[in-house]
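Asker: For reference, the structure I am asking about is given below.
Derivation of every value follows stated rules applied to the coordinates shown; laboratory data play no part. What you see is a predicted model, and the numbers here were worked out from it, not measured in a lab. Methodologically, a virtual Cβ is constructed for each residue, glycine included, from the backbone with ideal geometry; neighbour enumeration extends over all protein chains shown.
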Amino acid sequence: MIRRGLLSFFMFAVAFTSIIAFNNVPVIASGAKETSGDKEAVHSASNEIVVKFKADVNVPYKDGVEREVKAKKDNDLNGILSEYSDLKINRLFKIMDSETKNVDKAKAIFQNYYTITVPEGADSEKLLKKLNNSKLVEEAYSKPIVIEEPSLSSNSTPVLPSNDPNNIYQSYLNAASQGINAPYAWQYEGGDGKGISYVDVERGWALGHEDLTAHSIPLLTGSQIVATSADHGTAVLGVISAVDNTIGNIGLASKAQPMVSSWWRTGEYGNIAEALIVAADALDAGDVILIEIQTTYPGASGYVPIEVYSAEFDAIRYAINHGITVVAAAGNGTVNLDTFQDSSGKYILNRTSPDFKDSGAIMVGAASDTVPHTRMYFSNYGNRIDAYGWGTGVHTLAAASPSATTGYQTSFNGTSSATPIVTAAAIALQGIVKAEYGVTYSPSQLREILRDPVLNTPSSSPSTDKIGYLPNLKNIIDNLPVPVVDTTAPSQPANLISPSKTTTSISLSWDASTDNVGVAHYEILRDSVLVGTSLTTSYTDTGLSAGQAYVYTVKAVDAANNKSLPSSLTISTNSSNIVTVYYKQGYSTPYIHYRPAGGTWTTAPGVAMPASEVPGYNKYTINVGSATGLEAVFNNGSGTWDNNGGSNYFFPVGTSTFIAGTITSGVPVNNTVTVYYKRGFSTPYIHYRPAGGTWTSVPGVAMPTSEFAGYNKYTVSIGSATSLEAVFNNGSGTWDNNGGGNYFFNIGTSTFDSGTITAGTP
Ligand SMILES: [Ca+2]
Ligand SMILES: [Ca+2]
Ligand SMILES: [Ca+2]
């Protein structure tokens, strides 16, 4: 951060009568080093590591000393260098090299300092630990990111509350201890919510209300429901977003962008978790979700917060893991949440119990509108609750129906009125730090700030009220914590396997990664190209080619876009299964009507089977994909069927031969007959048929000359026939048909000499 010019800083100080002291609470990211006594700067981890070698190590002072370090034969360092092959050890001080030491001995100490960039996906904490283990290393630490003392910018879009006439009734915006001191935040860029979006999750709003309509508030999902719910939602929006104009009220964070997400679904009861997921998907890290819902629960003495149900709990965690702050009403059930038990008897809302399940939401209780603020009789309470707002006397908008355009009320109440007050404080703080640092608080850091007893306003009796603290924006801003930037990548996804696959798809699953904040999603790459992301620990890739190998890589990603080391798996799709059927006629033009086993039948009569290379057989080849066989029947194409008496025929993967209802594996028997013909006709033709089969067309086939002088030769495939019936002619009408008896040649080779047939070659 660059400090503003002196002149403007002076004017800034005058304008606000006193110089604001930014005694920042140092917030240290894991792996960072704190410089003791430094009140000006705050440090958080970068992706660079500073390594100070011991003085006697004596590595030349230049960039890229990996080879020289390797030569020292230190197990720890050589282990690191072989694990990260592209890791470079460079000088920390580019103004020096090995020569400098000769010239200026006082600078020798600096030549022990080198720097390493943390490789992408590497765990910087583990790397630091390994470096510090090395006998050659005096010290290794994350290079700090230095953030200068902030001088908040004054608001470029000043908030003008005095001409919103109801402003005078909105005492909850006043300074502590009465209110949250919203006007203090409005002085600063972002303190009016500018740059931040939020979603109100409930089921009714008058979005065209005169003091809201300028926001053009979108309904993200679900439907509106009439009357009372519209009044409720409109009142909630009014607390945060009543437009800064000259009518009605002024919202506590009036420059934030509101959106609404309804859990109500026409024709069914509703789906709160779905409304939450849609809300989260519409927002970015740093934005806020407001849950205005309470629920009944078997055995509970009153209404309880919605996160007691698993789907809603998971939906809240989903938002939190994406860096979205969730502020939820604790509920108006007068329930001590410390003693609430879920249906398994677990104390899931009690922070001190091992059963505690932390959704990550900021939970809000309700207190009186007078100082000291006392817990309202209806408010739930317990150590789960982080913050409170006014649970009565909240002046805000009202609506008689979703189409109402006017309406105001003087005493909106419940944890319903308390929650938007705390939400507005969260939005204002995110707006300020976003404007100041370009980053926002993580949901957990923001919650810690808002539940901090030092920064905020206690209730009348914190130990018995048990509703947390009323945000005090002035106190927080005067001590503005620096947003911690998460630089720790999630752990590598373990046990990447493929539990199932087909010829066109591969399913993957892996063990969940862990992260210091939370895993937002997983990236799935196929052959190094991103093909999808998954919110769960599984993914199915589709549209693949059969029998092909693919390399899959899965990385865990957190809300700050830190990526884990990848896990990889090489896996092939299933080969396509091929069924080939040889069909012995049978039907002279056979059709095959079929389906891959368990699949869909062809349209009758199926497909005509073309003639095969084997005489007397037709043949058809079918890709059955991942099916393990083929179910088929045959017909003649005109209504005559062979369906195996209603049982159909089953062909395994591979080649089968079908002969009159019997299926045998493999191609059909294909006998051959070779005839040597002693001329005779100078250009002899052979006219033939496999015994019992079909004759060639007259005059048959000219017989080529053979390797034996004076002989012609011809080889005929006869399929499963056992002999060849033939006659000879000269191609022009002179025939030798054995006096009408024809000639018969056995399988194998025969020699024909003037009507006499002998086995073998001439
Ligand atoms: Ca105004
Ligand atoms: Ca207004
Ligand atoms: Ca992280």
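Asker: Considering only C-alpha atoms, what is the centroid distance from segment 100-132 to segment 617-649, in Å?
Answerer: Spelled out, the Cα-based centre of one part sits 74 Å from the other.
Asker: How much of the DSSP beta bridge set in the chain is antiparallel, as a percent to the nearest 5?
Answerer: 75
Asker: Counting other C-beta atoms within 10 Å, and keeping those with at most 12, which DSSP coil chymotrypsin sites (Phe, Trp or Tyr not before Pro) do you find in segment 166-274?
Answerer: Qualifying residues, ordered by number: 269.
Asker: A follow-up question, please. Could you size up the charge dipole of segment 628-762 around its Cα centre, putting +1 on the beta carbon of Lys and Arg and -1 on that of Asp and Glu, and report it in debye to the nearest 20?
Answerer: 260
Asker: Report, to the nearest 10°, how far helix 415-437 tilts away from the longest principal axis of the Cα atoms in the chain, using its own Cα long axis and a range of 0 to 90°.
Answerer: With rounding to tens, the tilt is 80 degrees.
Asker: With θ taken as phi - 60° and the coefficients 6.51, -1.76 and 1.60, list the Karplus ³J(HN,Hα) couplings across segment 288-293 in order, rounded to whole Hz; mark glycine and proline as x.
Answerer: My calculation for segment 288-293 gives 9, 10, 10, 9, 9, 9 Hz in order.
Asker: Which of 558, 104, 342 comes first, and how do the rest follow, when ranked by fewest Cβ neighbours within 10 Å?
Answerer: Sorted ascending by nearby Cβ count, the order is 104, 342, 558.
Asker: Evaluate the charge dipole of segment 45-146 about its Cα centre and quote only its size in Debye, nearest 20, assuming +1 on the Cβ of each Lys and Arg and -1 on the Cβ of each Asp and Glu.
Answerer: Computed charge dipole of segment 45-146: roughly 300 debye.
Asker: Using only the Cα atoms of segment 113-259, what do you get for the radius of gyration and for Dmax, in Å?
Answerer: 23.8, 74
Asker: Using Cα-Cα distances under 8 Å and only pairs 6 or more residues apart, what relative contact order does the chain have, in percent?
Answerer: In percent, rounded to a whole number, it is 9.
Asker: For segment 475-538 and segment 160-200, what is the separation of their C-alpha centers, rounded to whole Å?
Answerer: Here the answer is 38 Å between Cα centres.
Asker: Quickly rank 241-253, 695-707 as a protection proxy: mean count of other C-beta atoms within 10 Å, highest first.
Answerer: 241-253, 695-707
Asker: HN-Hα J couplings of segment 338-348 from phi, Karplus 6.51/-1.76/1.60, θ = phi - 60°, integer Hz, Gly and Pro as x?
Answerer: Each residue of segment 338-348 in turn: 4, 9, 5, 10, 7, 5, 9, x, 8, 8, 6 Hz.
Asker: To the nearest 0.05, how large is the calculated FRET efficiency for residue 734 and residue 759 if R₀ is 22 Å and r is the Cβ-Cβ distance?
Answerer: After rounding to 0.05, the efficiency reads 0.20.
Asker: Right, next: Give, in whole angstrom and from largest to smallest, the semi-axes √(5λ) of the equivalent ellipsoid of segment 577-665, with λ running over the eigenvalues of the Cα gyration tensor.
Answerer: Those come to 18, 15, 12 Å.
Asker: At 37 °C and 0.692 mPa s, what whole-number value in µm²/s does Stokes-Einstein give for the translational diffusion of the chain, with Rh from the Kirkwood sum over Cα pairs?
Answerer: Result for D is 99 µm²/s.
Asker: Could I ask something else about it? So what's the gap between the Cα centers of segment 712-762 and segment 554-615, to the nearest angstrom?
Answerer: What the calculation gives is 45 Å, centre to centre.
Asker: For the pairs 135/555; 72/555; 52/94; 62/105, flag any whose C-alpha to C-alpha distance is greater than 23 Å.
Answerer: 135/555; 72/555
Asker: Next up: Give the long-range amide H neighbours of residue 159: residues separated by 5 or more places, or on another chain, with amide H under 5 Å away, using H modelled in the peptide plane at 1.01 Å from N.
Answerer: Answer set, sorted by chain and number: none.
Asker: Just to be sure I understand the curve: with the Debye formula and one point per C-alpha of segment 593-718, what is log10 I(q)/I(0) at q = 0.14, 0.20, 0.21 Å⁻¹?
Answerer: Ignoring solvent entirely, the Cα scatterers give -0.74, -1.13, -1.22.
Asker: Could you point to the residue in 102, 85, 60 farthest towards the positive end of segment 45-146's charge dipole, with +1 and -1 charges on the Cβ of Lys/Arg and Asp/Glu respectively?
Answerer: Going by the charge dipole, the pick is 102.
Asker: Would you mind giving the three semi-axes, in whole Å and largest first, of the ellipsoid equivalent to segment 250-357 according to its Cα gyration tensor?
Answerer: So the three semi-axes of segment 250-357 are 25, 16, 14 Å.
Asker: Which is farthest toward the positive dipole end of the chain among 112, 177, 692, measuring Cα position about the Cα centre, with Cβ charges +1 (Lys, Arg) and -1 (Asp, Glu)?
Answerer: 692
Asker: Using the Karplus curve 6.51 cos²θ - 1.76 cosθ + 1.60 with θ = phi - 60°, what ³J(HN,Hα) values do you get for each residue of segment 264-271, in whole Hz, with x for Gly and Pro?
Answerer: Result, ordered by residue: 7, 10, 4, x, 9, 6, x, 8 Hz.
Asker: Within the P(r) computed for segment 671-759, what percentage of the Cα pairs occupies the region above 16 Å?
Answerer: Of all Cα-Cα distances in segment 671-759, 47 percent exceed 16 Å.
Asker: Which of 422, 630, 295 sits farthest toward the positive end of the charge dipole of the chain, with +1 on the Cβ of Lys and Arg and -1 on the Cβ of Asp and Glu?
Answerer: Positive-most Cα among the choices belongs to 630.
Asker: Would you compute, from DSSP H runs of 4+ residues alone, the mean residue ellipticity of the chain at 222 nm, taking -39500 (n - 2.57) per run and dividing by the full residue count, rounded to the nearest 500?
Answerer: -4500 deg cm²/dmol
Asker: Here's something else I'd like to know. With +1 on each Lys and Arg Cβ and -1 on each Asp and Glu Cβ, how big is the dipole of the chain about its Cα centre, in debye rounded to the nearest 20?
Answerer: For this selection, approximately 1960 debye.
Asker: Among 236, 633, which comes first, second and so on when ranked by fewest other beta-carbon atoms within 10 Å?
Answerer: In increasing order of surrounding Cβ atoms, one gets 633, 236.
Asker: Separate question: Test of understanding: ordering 503, 694 by Cβ neighbours within 10 Å, fewest first, what list do you get?
Answerer: Going from least to most buried by this count: 694, 503.
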